Amino acid sequence: MISHILNGDALQEIFPLEIEGKQFISRECLCDGEVLGKTLDEFFENRAVFISNSFSGFSKDDYYSESVAEYERIQSIPASSDINLWFEEDVFCQVNFWFVVDLLYHRFEDSSFSLVLPKKGCEYSFANMEESDLEEAYENKMDLNLDELKQLSNLWVYYKSANYDSLLSLAKRLGKKFSFILKAVEAIIEDKNNNKVEESLKAIIVDLDTKDFVEVFKEFHRREAIYGYGDLQVKRIFEKLI
């Protein structure tokens, strides 16, 4: 079975019909908020609480029906499948990517795994690519061996436990083949150590002399594309600042 795990609903909307396979969607923002939990069930419960408390209009039931249900579908992928992971290079996508690898690779050691990345110039957005570009990205997908999958899984383990020294060390070791991972990890650590995201938003508000969220978000997306944050994540921080 050919399976495609997509980084969000937006990619599914433009996914080429010519690419064969069943589609699954990773609906999460694991770069933001609570990621602890001794078991997967406890982890999902903590995420449901965080999402429902942090973003208006999202209930715990919504999280379970829209996110957890999809991850359960992902875990039901048959053995010996061809699993294609469509994730961008920004922090938002990378943390979700590490989680999905950790969720899957233990259970599907007899499956083949590949990472599909956006083309150069669109590193942080599949949405800026044409159908032909997406087809080419699929043709040029990066095969992942079992050792690489284990290391990618460890990135999630280190991130989840806030072990940033080990996270950075592993990212450096992976840097030859996965240079984008090191960039994402460095951005994560800069935010943790120096409140990079919050400080950047403060500077933008001053520089643009505005508290209009739309204008601030556009500029944040331009200056800090490496984070890949959506409007929900940025607005939560923005509203705290103003």
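Things to note:
- Residues (over 22 Å from D9 (Cβ atoms) and touching a helix residue (DSSP H, G or I) at 6+ places or on another chain (Cβ under 9 Å)) located in the stretch 221-242: R223, E224, I226, I237, F238, E239, K240, L241, I242
- If the condition is being surrounded by 15 or more Cβ atoms within 10 Å (Cβ to Cβ) and free of Cβ contacts under 8 Å to residues at least 60 places away in the same chain, then the stretch 28-45 contributes G33, E34, F43, F44, E45.
- Every residue from the stretch 147-187 that is under 20 Å from F113 (Cβ atoms), outside the structural domain of F108 (by TED's automatic domain parsing) and of a type in the set (S, T, N, Q): S179
This table checks each residue for (1) in contact with a His (Cβ under 6 Å, 6 or more places away or on another chain); (2) surrounded by fewer than 24 Cβ atoms within 10 Å (Cβ to Cβ); (3) more than 15 Å from Q151 (Cα to Cα).
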{"position": "I74", "(1), (2), (3)": "no, yes, yes"}
{"position": "A79", "(1), (2), (3)": "no, yes, yes"}
{"position": "N84", "(1), (2), (3)": "yes, yes, yes"}
{"position": "F92", "(1), (2), (3)": "no, no, yes"}
{"position": "F99", "(1), (2), (3)": "no, yes, no"}
{"position": "Y105", "(1), (2), (3)": "no, yes, no"}
{"position": "E109", "(1), (2), (3)": "no, yes, no"}
{"position": "S114", "(1), (2), (3)": "no, yes, no"}
{"position": "S125", "(1), (2), (3)": "no, yes, yes"}
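- Number of the exception - V157 against (1) without any contact (Cβ under 8 Å) to a residue 12 or more places away in the chain; (2) in contact with a Phe, Trp or Tyr (Cβ under 9 Å, 6 or more places away or on another chain): (1)
- Taking the stretch 71-181 as the region of interest, the helices (runs of 4 or more DSSP H) fully inside it that hold 1 or more residues being touching a strand residue (DSSP E or B) at 6+ places or on another chain (Cβ under 6 Å) and more than 28 Å from T39 (Cβ to Cβ) are 131-139.
- Against the test of being among the small types (G, A, S) and surrounded by fewer than 16 Cβ atoms within 10 Å (Cβ to Cβ), the options S67, S59 yield a single qualifying residue, S59.
Table: residues versus (1) over 18 Å from V91 (Cβ atoms); (2) out of contact with any Asp or Glu (no Cβ under 9 Å at 6 or more places or on another chain); (3) in a helix (DSSP H, G or I).
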site	(1), (2), (3)
V197	no, no, yes
S200	no, no, yes
D207	yes, no, yes
R222	no, yes, yes
Y229	no, no, no
L232	no, no, yes
I237	no, no, yes
K240	yes, no, yes
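- When L85 is tested against (1) within 20 Å of S67 (Cβ to Cβ); (2) more than 18 Å from the chain's Cα centre (by Cα), only condition (2) is not met.
- Selection count, the stretch 202-224, where residues are surrounded by 16 or more Cβ atoms within 10 Å (Cβ to Cβ) and either closer than 17 Å to C29 by Cβ or of a type in the set (S, T, N, Q) (or both): 4
- Residue within the stretch 133-143 that is at pLDDT below 95 and aromatic (F, W, Y) present: no
The values are calculated or read from the model by the stated rules, or taken from the named source; none is laboratory data. Here the structure is a predicted model, which is why all the values come from computation and not from measurement. Neighbour counts run over all protein chains shown; Cβ positions are idealised from the backbone, glycine included.
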